[in-house]
Amino acid sequence: MKRFAPATERNRAPIRDVLARVLPATGTVLEIASGSGEHAVAFAQAFPALTWQPSDPDPSALASITAWRDEAGLANLAAPIELDVVKPWPALAPAAIVCINMVHISPWEASLALFSNAGRLLAPSGVLYLYGPYRFAGAFTAESNAEFDRSLRARDPRWGVRDVDDLVAAARGSALELVDTVAMPANNHSLIFRRLQSQNV
């Protein structure tokens with residue numbers, strides 16, 4: 001029932017360090033596309049004053065998250081919810097939203113839906129955190145990312161490593177502003193967006 005994603009063990013400490021700087025002190029953090037559930041357990045342990053709300057559209061992922069949650073027994077780790085970013089979202093009021101390694105393994109419409117719902121649900125100054133590989137001004141940060149992009153597009157032409165300029169433009173339409181970019185191991189980056197005070201952008 002439990003799934004294991006090797007990348008989560010490698011990247012969770014660097015991600016945790018960035019999250020420690022940008023997440024609010026209290027409230028609920030909605031994790032989009034939680035996958036195996038390993039990140040949810042690690043971050044719920046790391047931030048006991050926050051409620052961690054995992055989600056995923058895939059029944060097998062939801063089962064894995066539940067198995068990890070049951071084993072961990074953490075009071076601040078909520079039961080996973082079924083959430084497909086391109087479908088109507090349940091009624092939520094997250095203090096922050098975290099999305100790790102989804103943007104490149106999904107159609108562009110998923111990124112647009114993520115920004116739209118984050119802009120709608122987050123309070124002013126609320127954080128949307130994205131992690132993954134990105135292009136900057138059209139350029140890949142490493143040849144390995146270019147190869148990864150080719151492999152993604154071969155699997156599904158709607159997938160691919162996104163350009164940060166395109167993400168910033170899409171976010172701006174949902175009252176979200178990129179406030180920090182943090183280089184991470186293995187040619188990945190953390191992108192920190194904040195909800196603007198006004199929708200008039």
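Just so you know, all these numbers are worked out from the coordinates, no wet-lab data involved. Since this is a predicted model, take the numbers as computed values, not measurements. No Cβ is skipped: glycine too gets one built from the backbone with ideal geometry, and neighbour counts run over all protein chains shown.
Evaluate the relative contact order of the range 1-64 (contact order divided by residue number), counting alpha-carbon pairs under 8 angstrom at least 6 apart; express in whole percent.
Relative contact order for the range 1-64 comes out at 41 percent.
For the chain, which longest stretch is free of loop sites, where a loop site is one of the trypsin sites (Lys or Arg not before Pro) that DSSP puts outside H, G, I, E and B and that has at most 14 other Cβ atoms within 10 Å?
That gives 3-157 as the longest site-free run.
Within a Cβ distance under 13 Å of ILE65, other residues only, what is the Lys/Arg minus Asp/Glu net charge?
-4
Using +1 at the Cβ of each Lys and Arg and -1 at the Cβ of each Asp and Glu in the range 6-195, identify which of THR66, ASN145, PHE193 lies farthest towards the dipole's positive end.
PHE193
Distance from the Cα centre of the range 21-62 to that of the range 99-147, in angstrom?
Using only Cα atoms, the two centres lie 17 Å from each other.
For the chain, with only Lys/Arg (+1) and Asp/Glu (-1) charged at the beta-carbon, what is the dipole magnitude about the Cα centre, in debye rounded to 20?
180
Could you tell me what fraction of 2.2 N^0.38 Å the Cα radius of gyration of the chain comes to, as a two-decimal ratio? Kindly include the intermediate steps, with their values, before the conclusion.
Details: Rg = 15.9 Å, N = 201, 2.2 N^0.38 = 16.5 Å.
Taking the Cα Rg and dividing by 2.2 N^0.38 Å, one obtains 0.96.
Starting from the Cα coordinates of the range 97-201, work out the convex hull volume and express it per residue in Å³.
In the range 97-201, the Cα hull volume divided by residue count equals 84 Å³.
What's the local net charge at ALA110, with K and R +1, D and E -1, over the other residues with C-beta under 10 Å away?
Taking every Cβ under 10 Å from that of ALA110, the sum is -1.
Any chance you could list P(r) for the range 1-88, counting all Cα-Cα pairs in 5 angstrom bins from zero, rounded to whole %?
That works out to 3, 16, 26, 26, 19, 9, 1, in percent per bin.
Given the Cα-Cα distance of GLU82 and GLN197 and 0.36 nm per residue of separation, how much length would full extension add, in nm?
Full-extension gain reported as 38.5 nm.
Relative contact order for the chain: what percent, with Cα pairs under 8 Å and sequence separation of 6 or more?
In percent, rounded to a whole number, it is 19.
Give the percent of DSSP beta bridges with both residues in the chain that are antiparallel, rounded to the nearest 5.
Values: 16 of 35 bridges.
For the chain, the DSSP antiparallel bridge percentage is about 45.
Compute the distance in nm between two label points, each set 7 Å from the Cα along the Cα-to-Cβ direction, one at SER60 and one at LEU74.
2.4
Can you tell me the dipole magnitude for the range 109-201 around its Cα centre, using point charges on the Cβ only (Lys, Arg +1; Asp, Glu -1), in Debye to the nearest 20?
I would put it at about 260 debye.
What's the extension gain from ARG172 to ARG155 if we count 0.36 nm per residue and subtract their Cα-Cα distance? Intermediate values should be presented prior to the final figure.
On the way: separation 17, 0.36 × 17 = 6.12 nm, distance 2.96 nm.
Computed gain between ARG172 and ARG155 is 3.2 nm.
Assuming R0 = 45 Å, can you tell me the calculated FRET efficiency for the pair ARG21 and GLU147, based on Cβ-Cβ distance, to the nearest 0.05?
That gives a FRET efficiency of 0.90.
Give me the number: length gained by fully extending ILE105 to ASN187, i.e. 0.36 nm times residue separation minus the C-alpha to C-alpha distance, one decimal in nm.
Length gained between ILE105 and ASN187: 27.9 nm.
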